[in-house]
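Engineer: Below you'll find the structure I mean.
Every number here is computed from the coordinates shown, using simple stated rules; none is lab data. Since the structure is predicted, the reported quantities are computational estimates derived from the model, not experimental observations. In this analysis, Cβ positions are derived from the backbone assuming ideal geometry, glycine residues included, and neighbour counts consider all displayed protein chains.
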Amino acid sequence: MVAVIDTTDAPTSPAKQPRKLDRGLLIASFVIACGLVLVIFALFVAETGDDGVDRPDEIESVQPVENAVQVLRQERVVVNLEAGLEARLVIDGVELPTVLLGQSNVDPTVEPGQQVDLPLAAVFDPGNAVISYQPVEGAPIESFSAGIHDVTVIYWNIEDGPNRARSYAWSFNVV
């Protein structure tokens, strides 16, 4: 036996009316969408870190970074170069004497707790192509005074010699 269901008496749903657009909701959605597009655009065009610095390819990094604004008085100046380069430093117009690592009177093997005597010159590490200078008492620059300081690194290819040197300059601000 088959059951038959009579659907003629079932109530029918009224035709759905299209919903009216809420003008405030439409404007808010548009503003949020524009903001999201601007944020995504900014992420794609932003230059951060080393990308925003016009530094020669031969110089991998500098410390303190270009235009640093809160550098301490005893901050170490470091320039990391590509392999195969040599360099010397000029800070605030003072050309610093350069000592090759391993050829100074600084003993790299000190006992724990002993004070290390830093050389009174810039130190160049040819194995890592890094030149650095730490202001110390008795050195040409004992500490950095408050204000802006200019650094120039003069660098050259070891095979070409210093006659074909190039330079790069930047500045930082000591607080």
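Engineer: For labels at Val37 and Glu95 in the simple 7 Å Cα→Cβ model, what's the distance in nm?
Structural biologist: 5.8 nm
Engineer: Now for a separate question. Just to verify a number: FRET efficiency for Glu82 and Asp150, C-beta to C-beta distance, R0 = 30 Å, to 0.05?
Structural biologist: Values: r = 23 Å, r/R0 = 0.77.
So the FRET efficiency works out to roughly 0.85.
Engineer: Would you mind counting up the charge near Val94? Only other residues with Cβ under 13 Å from its Cβ, with Lys and Arg at +1 and Asp and Glu at -1.
Structural biologist: Values: positive: Arg88; negative: Asp92, Glu95, Glu142, Asp150.
That works out to -3.
Engineer: Just to be sure I understand the model, the point goes 7 Å from the Cα along the line to the Cβ. What's the resulting Ser61 to Arg73 distance in nm?
Structural biologist: Using points 7 Å along Cα→Cβ, the separation is 2.7 nm.
Engineer: Residues of region 78-100 with the amide nitrogen closer than 13 Å to a label point 7 Å from the Cα of Asn128, along Cα-to-Cβ, please.
Structural biologist: 78-81
Engineer: Quick one: length gained pulling Asn173 to Ala28 fully straight, 0.36 nm per residue minus the C-alpha distance?
Structural biologist: Numbers: separation 145, 0.36 × 145 = 52.20 nm, distance 4.46 nm.
The Asn173-Ala28 span can extend by a further 47.7 nm.
Engineer: Whole angstrom only: what separates the Cα centroid of region 20-96 from the Cα centroid of region 132-159?
Structural biologist: Value for the Cα centre distance between the two parts: 23 Å.
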